[in-house]
1. Taking 7 Å along the Cα-to-C-beta vector as the label spot, tell me the residue 131-residue 58 distance in nanometres, rounded to one decimal.
2. What full-extension length gain, to one decimal in nm, is calculated for residue 70 and residue 181 as 0.36 nm per residue of separation minus the Cα-Cα distance?
3. Among 57, 97, rank each residue by its count of other Cβ atoms within 10 Å, from fewest to most, as a rough exposure measure.
4. Return the distance in nm (one decimal) between the two label points of a simple spin-label model at residue 143 and residue 155, each offset 7 Å from Cα along Cα→Cβ.
5. Quick check: from the Cα gyration tensor, does region 80-181 come out rounded (a/c under 1.5), prolate or oblate?
6. Going highest first, how would you order 153-163, 106-116, 61-71 by mean Cβ packing within 10 Å?
Ligand code: FES
């Protein structure tokens with residue numbers, strides 16, 4: 001009995017050694033895979049919007065008549081995997097209300113993300129998707145409008161005496177509050 005135990009011990013030791021070596025082998029195989037996945041998914045942690053104010057136009061392009069005019073917003077954009085230079089990131093209605101004052105509204109409807117039209121005859125905005133109506137300042141003007149809030153106003157700066165810069169931002173549709181989209 002005792003001698004049988006002695007003969008089996010080397011077998012058992014060999015088995016544990018092999019098992020240990022296999023576990024280490026599998027572990028070391030997964031380490032590079034895990035670090036590769038980290039590098040692959042790292043871009044998802046980056047932001048995907050224009051950062052900071054964007055130069056949109058000059059005051060010369062905006063007569064002081066309080067009529068909204070539509071402008072494309074072009075900026076550098078960092079999305080999940082790419083850094084793109086000077087690409088369209090959205091559009092705004094700009095309305096010059098004084099010598100040095102301009103108001104900006106994002107053209108995206110806060111109901112479900114349609115593009116809002118300006119109707120010069122009625123001096124108001126209408127979204128053709130579900131007929132939300134907004135006053136010239138972007139506030140909801142018809143209580144039957146499904147939009148839960150007014151059009152999204154954006155910050156405007158006048159730089160170098162005549163350049164119009166807008167802090168462009170998109171917001172989640174369907175919410176009563178303005179929730180920025182990162
Ligand atoms: S998307 Fe504008 S009213 Fe629905």
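1. 4.4
2. Numbers: separation 111, 0.36 × 111 = 39.96 nm, distance 2.16 nm.
Stretched fully, the residue 70-residue 181 segment lengthens by 37.8 nm.
3. Values: 57 18, 97 14.
So the residues, fewest neighbours to most, are 97, 57.
4. Calculated label separation equals 3.6 nm.
5. Values: a/c = 2.05, a/b = 1.20, b/c = 1.71.
Oblate is the answer for region 80-181, as a/c is 1.5 or above yet b/c matches or exceeds a/b.
6. On the way: 153-163: 13.3, 106-116: 20.1, 61-71: 15.0.
Result, highest mean Cβ count within 10 Å first: 106-116, 61-71, 153-163.
Just so you know, all these numbers are worked out from the coordinates, no wet-lab data involved. The shown structure was predicted, so the numbers you read here are calculated from the model rather than taken from an experiment. Note that each Cβ is placed from the backbone with ideal geometry, even for glycine, and that neighbours are counted across all protein chains shown.
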